[in-house]
Amino acid sequence: GLGLSYKKDENFGEWYSEEFFDAEIKKLKIKNCYFPLFVSPTVLQKEKEHVEGFAPEVAWVTKSGQSDLEVPIAIRPTSETVMYPYYSKWIRGHRDLPLKLNQWCNVVRWEFSNPTPFIRSREFLWQEGHTAFATKAEADEEVLDILELYRRVYEEYLAIPVIKGKKSELEKFAGGLYTTSVEAFIPNTGRGIQGATSHCLGQNFAKMFEINFEDEKGEKAMVWQNSWAYSTRTIGVMVMVHGDDKGLVLPPKVAAVQVIVIPVPFKDADTQGIFDACTSTVNTLTEAGIHAEADLRDNYSPGWKYSHWELKGVPLRIEIGPRDLANSQVRVVRRDNSAKVDIPMASLVEQVKDLLVTIQKSLYDVATQKRDACIQKVTTWDEFIEALGQKKLILAPWCDEEEVEKDVKARTKGEMGACKTLCTPFEQPDLPEGTLCFASGKPAKKWSYWGRSY
Ligand SMILES: O=C1CCCN[C@@H]1CCCn1cnc2cc(F)c(F)cc2c1=O
Ligand SMILES: [Mg+2]
């Protein structure tokens, strides 16, 4: 996409999920665009109520060279205030709707709470979609269409299980009507993490920015809007979910290098033959659409290269030594479980393709099994506190009262951070009549996921 180009030679193959998402939103007739990086203070102040909470995060340019700017200018932390004045100009009649734009760009938010590479950084890359419809029904439908795409990015490309749900009134985007999200979980730290968001903004921004249109009946009406994003935070989640003590473990579908071929010369036994076999193996795999490379550097030992490419998370390693050459076979090693198998060169492409599919599925299944093992269903406060202490992802019946949500945050404050609602899953377990809220004892209205989070 525009302005967001992951160099193919970097090992973060994240750009594959970008390609998937970009192709899918184009099917939804969403067009890519690019708006300015700088936001004028007047237009930023327009969304006073919701921006004021974020004001400390806004980065301002105050100088050019040695001289101070007359008026400081903000760097976009998100692009509503940049885009919506134009939406107001462009949208006049119902034939101007739906207006559906997306941009791939960077944004800056001057975070103070523990910055973490990819997870919470002061500059990050994302796509932000901004759509406008004549009716709420169209907006509601798109919110869920996009959320499903986010689920697919995580589950089909990053091999990470996520839970689809709705944010509470307290946790949602304050400027919107409601927020849906896909929630991931990191078993090692016992923390939930918001994977991506899809908001229905209602008519809040239409009111603020006077985005009206003349409907079929010739009456003036405000548009219904959505906005949705996923970011380079996905890379951080992938690293934490799949990584192990040897380093990264990249799912094949997002690995820029899927297969690394390494020569294993032995004394002076046919070294040239081994190197030629490596090169031809790379060519054969590449022609079949597999991202293969060879590490033919003569200043590193095979053992050194094994560790190097394991650290970079390459899903498959192919070793070729004198014996392999003599038997017209190669030794294939999986990064995810270190399984080794000898494969005849004749059936290499087919077996490598099968192996990559197997690894992709295995990574997802293992991550799902680990995540599910962390889910703890509770009904009482004591069970809740015990599960929290065990770093669980907690499913609890809740009365849906914001005061209770705030109270749980207050009562769970600590150096590990407070426990909050992560989402109310669309998939609701059975809630028997008379079930009480775990925290307030009032009649429960829904099951919600609670946990500490990033
Ligand atoms: O989350 C999305 C999807 C993509 C478009 N934006 C929405 C809401 C963003 C919510 N948000 C999030 N963070 C912000 C940080 C700021 F410094 C600031 F001025 C504003 C915001 C802010 O509005
Ligand atoms: Mg924030």
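The values are calculated or read from the model by the stated rules, or taken from the named source; none is laboratory data. If you're wondering where the values come from, they're calculated on a predicted model, not measured in any experiment. All Cβ positions, even for glycine, are placed from backbone atoms using ideal geometry, and neighbour counts span all protein chains on display. Keep in mind that these areas ignore ligands, DNA and RNA; they rest on the heavy atoms of the full protein, side chains included. Shrake-Rupley method; radii C 1.70, N 1.55, O 1.52, S 1.80 Å.
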Charge dipole magnitude, Cβ of K and R +1, D and E -1 - the range 335-445, Cα centre, debye nearest 20
400
Output the relative contact order of the chain, whole-number percent, from Cα pairs under 8 angstrom with separation of 6+ residues.
14
Skipping prolines and chain starts, which residues have an amide H placed within reach, meaning under 5 Å, of the one on Leu201, given they are 5 or more residues away or on another chain?
Leu177, Gln225, Asn226, Ser227
Would you mind working out the accessible area per residue for the range 259-357, using a 1.4 Å probe, and quoting it in Å²?
49
In a solvent-free Debye calculation with one equal scatterer on each Cα, what is log10 I(q)/I(0) for the chain at q = 0.11 Å⁻¹, listed in the order of the q values?
-0.97
Residues whose built amide H sits under 5 Å from the amide H of Ala196, excluding neighbours closer than 5 in sequence, are Val182
Size of charge dipole - the range 396-454 - debye, nearest 20, with Cβ of Lys, Arg +1 and Asp, Glu -1, no other charges:
260
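Quick check for you: with a 1.4 Å probe and neighbouring chains kept, what is the accessible area per residue of the range 363-437, in Å²? Write out the running numbers ahead of the final one.
Working: 4090 Å² over 75 residues.
I get 55 Å² per residue for this part.
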Over the range 28-143, with neighbouring protein chains present, the accessible area per residue in Å² at probe 1.4 Å is 53
Once label points are set 7 Å from the Cα along Cα→Cβ at both Trp304 and Lys246, what is their separation, rounded to one decimal in nm?
1.9
Which Cys residues of the chain have no other Cys Cβ less than 4.7 Å away and so no disulfide-compatible partner by this rule?
Cys33, Cys105, Cys200, Cys278, Cys374, Cys419, Cys423
Report in % the part of the accessible area of the range 32-78 that belongs to carbon and sulfur, leaving out ligands and nucleic acids; probe 1.4 Å.
60
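Quick check for me: using +1 on Lys/Arg Cβ and -1 on Asp/Glu Cβ, what's the dipole size of the chain about its Cα centre, in debye to the nearest 20? Let's see the in-between values first.
Details: 57 positive and 65 negative charges, 81 e Å.
Taking the Cα centre of the chain as origin, the dipole is about 380 debye.
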In the chain, with Lys and Arg counted as +1 and Asp and Glu as -1 at Cβ, which of these residues, Phe205, Gly218, Ala410, has the Cα nearest the positive end of the dipole, that is, farthest along it?
Ala410
Report the accessible area of Asp268, computed with a 1.4 Å probe over the heavy atoms of all protein chains in place, in Å² rounded to the nearest 10.
130
For the chain, the longest principal axis of the Cα atoms and the Cα long axis of helix 80-90 enclose an angle in degrees, to the nearest 10, of 70
What helix-only [θ] at 222 nm does the chain give? Using -39500 (n - 2.57) per DSSP H run of at least 4, over all residues, to the nearest 500, the answer is -10000 deg cm²/dmol
Rounded to whole Å, √(5λ) for the Cα gyration tensor eigenvalues of the range 335-454, largest first, gives 43, 16, 11
Ordered by residue, what ³J(HN,Hα) values in Hz, to whole numbers, does the range 258-264 give under the Karplus form 6.51 cos²θ - 1.76 cosθ + 1.60, where θ = phi - 60° and Gly and Pro are x?
8, 9, 10, 9, 10, x, 10
Roughly what angle does helix 271-287 make with the longest principal axis of the chain, taking Cα atoms, 0 to 90 degrees, to the nearest 10?
40
As I understand it, the dipole of the range 94-143 uses +1 on the Cβ of Lys and Arg and -1 on the Cβ of Asp and Glu, about the Cα centre. Which of Ala139, Thr116, Trp126 lies farthest toward its positive end?
Thr116
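What does the charge count near Lys413 come to, summing +1 for each Lys or Arg and -1 for each Asp or Glu among other residues with Cβ under 14 Å from its Cβ? Present the calculation step by step, with values, prior to reporting the outcome.
Values: positive: Lys406, Lys409, Arg411, Lys420, Arg452; negative: Glu405, Asp407, Glu415.
Computed value for this residue: +2.
Hey, if we sort Met238, Met208, Met416 by accessible area with the 1.4 Å probe, largest down, what's the order? Each step should come with its number before you reach the end.
Values: Met238 5, Met208 40, Met416 75 Å².
Listed by decreasing accessible area, they come as Met416, Met208, Met238.
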Calculated FRET efficiency for the pair Phe266/Thr135, C-beta based, R₀ 60 Å, to 0.05:
0.25
Give me the accessible area of Glu141, 1.4 Å probe, in Å² rounded to the nearest 10.
120
Modelling each spin label as a point 7 Å along the Cα-to-Cβ direction, I'd like the Arg122/Ser328 distance in nm, to one decimal.
6.1
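Leaving ligands and nucleic acids out of the surface, order Asp244, Asp140, Asp382 by accessible area at 1.4 Å, largest first. Kindly include the intermediate steps, with their values, before the conclusion.
Values: Asp244 65, Asp140 40, Asp382 120 Å².
Listed by decreasing accessible area, they come as Asp382, Asp244, Asp140.
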Would you mind checking which residues have amide H under 5 Å from Val261's amide H? H placed 1.01 Å from N; only 5 or more apart, or other chain.
Glu293, Ala294, Asp295, Ile318
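Leaving ligands and nucleic acids out of the surface, order Trp447, Trp60 by accessible area at 1.4 Å, largest first.
Per-residue accessible area, sorted high to low, gives Trp60, Trp447.
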Would you work out which of Ile163, Leu388, Asn299 lies farthest towards the positive end of the dipole of the chain, given +1 charges on the beta-carbon of Lys and Arg and -1 on that of Asp and Glu, about the Cα centre?
Leu388
Quick one: Karplus J couplings for the range 198-210, per residue in order, coefficients 6.51, -1.76, 1.60, θ = phi - 60°, nearest Hz, x for Gly and Pro?
9, 9, 9, 8, x, 10, 4, 6, 4, 5, 4, 9, 6
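I want the local charge near Val259. Using Cβ-Cβ distances under 9 Å, sum +1 for each Lys or Arg and -1 for each Asp or Glu among the other residues. Display every interim value, and only then the final one.
Values: positive: Arg317; negative: Glu293.
So the environment of Val259 carries a net charge of 0.
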If you line up the long axis of helix 15-27 against the longest principal axis of the chain, both from Cα atoms, how many degrees apart are they, to the nearest 10?
50
